[in-house]
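**Student:** Handing you this structure, nothing more for now.
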Amino acid sequence: MKQMRSFGTRGRLYPDKHYVVPRSEEISDFINRIKEGKYIVLFAPRQTGKTTFFRFATEQLTNQDESYFPIQLNFETYKNLSSSDFYISLYREICKEIEKVLQSRARSSSAETAQFLLDQSIVDHVSMREFFENFTDFLSMQEGVRQRVVLIIDEFDGIPQIVVSDFLHSLRFIYLSDNQRCIHSVGIVGIKSITQLNYDRSISPFNIQDEFNLPNFTLEQVQELLSQYTEEVGQSFDQEVITSLHKQTAGQPFLVNRAAQILTEELDVPKSDTIEMEHFAEAHAQLLEERNTNIDHLLTNIRRDRRFEKLLMKIVSNSNRPGVPYNLDNEIIYELIMYGVIKKDSNRMCGIANPIYQHHIVREFYNEL
Ligand SMILES: Nc1ncnc2c1ncn2[C@@H]1O[C@H](COP(=O)(O)OP(=O)(O)O)[C@@H](O)[C@H]1O
Ligand SMILES: [Mg+2]
């Protein structure tokens, strides 16, 4: 019997275990850019669905066309490594990923591949480029068709400061090399943008980047997510619940799932009843009360700098119209956007990202008084 799915709020999402917004349009946009050989960057706050999105998109691409060879890395734990330790770990991870992909494609030639990987090494950014050149040639010969390596790096901000510039220079060098690049396309995913990582230099070595934007869920996407539950369980949501859920969370992926989780698992509404506004009011009250990872991050971030408080209070106070203009050159505004605390309003002013955050922010700073 098929296992019932649930709303995922912790760790990785699996389509057979969790309800999932397919984000099909965004995925096909992304896949097109990979095919065009773009070097894509996506910098967005925590818990906006970056990791999930890149995993699904990469999977879809390689199911569509096996001439794309994905290598997915994660730099989360590399921050304090020396340059040589970084490249040692990097090479180990690359080898693991290559084996994984070959296994999933049920390739039998693994003895040769294992030997090839043993014979190679990566010790710095130059040998990294040489490795990918050799690997693409080797792989293309094995497969009989030109293979296009796609390098996806999650949590890129974890890259050690000492290697970031050379590492990006190497990628840029590969990008600008003629016709058949040894890395066809790159996806760099993180929270801090590259210029912020490289703050000691005024110019980023990575000015070839194609920026990708992963918006919050639209009302339709929230509807779609909830309807997966309704189809499976038979319990429906009052339309007003769906619009309120979208409004209160502004489609923030984690908050949407957490709200749905409270409504469907924690309130004990009989499965034969429709989920109504009175239930939503309860779930909403709980979301405002509870501490979860998302709210913890929010509070940690707004406490980082005393100047945040002043700006945030100016944004939330109604008496202070016309508010705070949305200005990316302002360092404080820029940082709060990076943390997902504020966003651009319809009238080009700063607004708090969603009503739930607004509530927590007001409480945080009024408590201090
Ligand atoms: N496609 C999706 N469908 C449904 N929920 C999602 C989706 N993507 C992300 N989420 C929600 O957002 C949370 C964080 O997703 P994740 O991909 O780990 O974000 P990030 O990598 O940006 O931190 C998930 O636990 C889930 O609650
Ligand atoms: Mg992630």
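What follows draws every value from the coordinates through simple rules; no lab data is involved. What you see is a predicted model, and the numbers here were worked out from it, not measured in a lab. Positions of Cβ are backbone-derived with ideal geometry, glycine not excepted, and every protein chain shown enters the neighbour counts.
**Student:** Report D for segment 24-211 in µm² per second (integer): Stokes-Einstein, Kirkwood Rh on Cα pairs, 4 °C, 1.567 mPa s.
**Tutor:** On the way: Rh = 16.9 Å.
The diffusion coefficient I find is 77 µm²/s.
**Student:** Of G234, H246, P270, which is farthest along the charge dipole of segment 219-290 in the positive direction, counting Lys and Arg as +1 and Asp and Glu as -1 at C-beta?
**Tutor:** H246
**Student:** Turning to a different aspect of this structure: What residue among S110, S170, S204 shows peak mean-square fluctuation when the chain is described by a Gaussian network model with Cα springs under 10 Å?
**Tutor:** Maximum among the listed residues: S110.
**Student:** Which whole-number percent is the relative contact order of segment 294-368 (Cα, under 8 Å, 6+ apart)?
**Tutor:** On the way: 69 pairs, mean separation 23.9, N = 75.
Normalised by residue count, the contact order of segment 294-368 is 32 percent.
**Student:** Under unit Cβ charges (Lys, Arg +1; Asp, Glu -1), what dipole magnitude, rounded to 20 debye, does the chain have relative to its Cα centre? Show your work: numbers first, answer last.
**Tutor:** Values: 40 positive and 52 negative charges, 143 e Å.
Using Cβ point charges on Lys, Arg, Asp and Glu, the chain gives about 680 debye.
**Student:** What percentages, rounded to whole numbers, describe P(r) for segment 7-93 computed over all alpha carbon pairs with 10 Å bin width beginning at zero?
**Tutor:** Calculated over all Cα pairs of segment 7-93, the distribution is 13, 39, 35, 13, 0 percent.
**Student:** With r as the distance between the Cβ atoms of E211 and Y14 and R0 = 41 Å, compute the FRET efficiency 1/(1 + (r/R0)^6) and round to 0.05. Mind dumping the intermediate values first?
**Tutor:** Values: r = 29 Å, r/R0 = 0.70.
For R0 = 41 Å, the calculated efficiency reads 0.90.
**Student:** Can you give me the relative contact order of the chain as a percent, contacts being Cα pairs under 8 Å and 6 or more apart? Could you put the intermediate results ahead of the total?
**Tutor:** Working: 473 pairs, mean separation 70.5, N = 369.
RCO, the chain: 19 percent.
**Student:** What dipole magnitude, in Debye to the nearest 20, does segment 268-369 give about its Cα centre under +1 on Lys/Arg Cβ and -1 on Asp/Glu Cβ? Intermediate values should be presented prior to the final figure.
**Tutor:** Values: 13 positive and 16 negative charges, 133 e Å.
Dipole magnitude for segment 268-369 comes out near 640 debye.
**Student:** Further question on the same structure: Convex hull over the alpha-carbon atoms of the chain: what's its volume per residue in Å³?
**Tutor:** Cα convex hull per residue, to the nearest whole number: 160 Å³.
**Student:** For segment 233-354, compute the orientation-averaged projected area of the C-alpha convex hull (one quarter of its surface), in nm².
**Tutor:** Working: hull surface 34.2 nm².
Directional mean of the projected Cα hull area for segment 233-354 stands at 8.5 nm².
**Student:** Another question, if that's okay. State the Cα centre-to-centre distance between segment 255-287 and segment 65-144 in whole Å.
**Tutor:** Each part's Cα centre sits 46 Å from the other's.
**Student:** Which residues does a label at S6 reach in segment 240-269, if reach means a backbone N under 16 Å from a point 7 Å past the Cα toward the Cβ?
**Tutor:** So the set is 257-269.
**Student:** Please compute the modelled spin-label separation between K79 and E232, points set 7 Å along Cα→Cβ, answer in nm with one decimal.
**Tutor:** About 3.5 nm, to one decimal.
**Student:** Per DSSP H run of n ≥ 4, the term is -39500 (n - 2.57); total these for the chain, divide by its residue number, and report the mean residue ellipticity at 222 nm rounded to 500 deg cm²/dmol.
**Tutor:** Values: 15 runs with 189 residues, N = 369.
Estimated from H runs of four or more residues: -16000 deg cm²/dmol.
**Student:** In percent, how large is the relative contact order of segment 218-369, given Cα pairs closer than 8 Å and 6 or more residues apart? Intermediate values should be presented prior to the final figure.
**Tutor:** Values: 146 pairs, mean separation 32.4, N = 152.
Value for segment 218-369: 21 percent.
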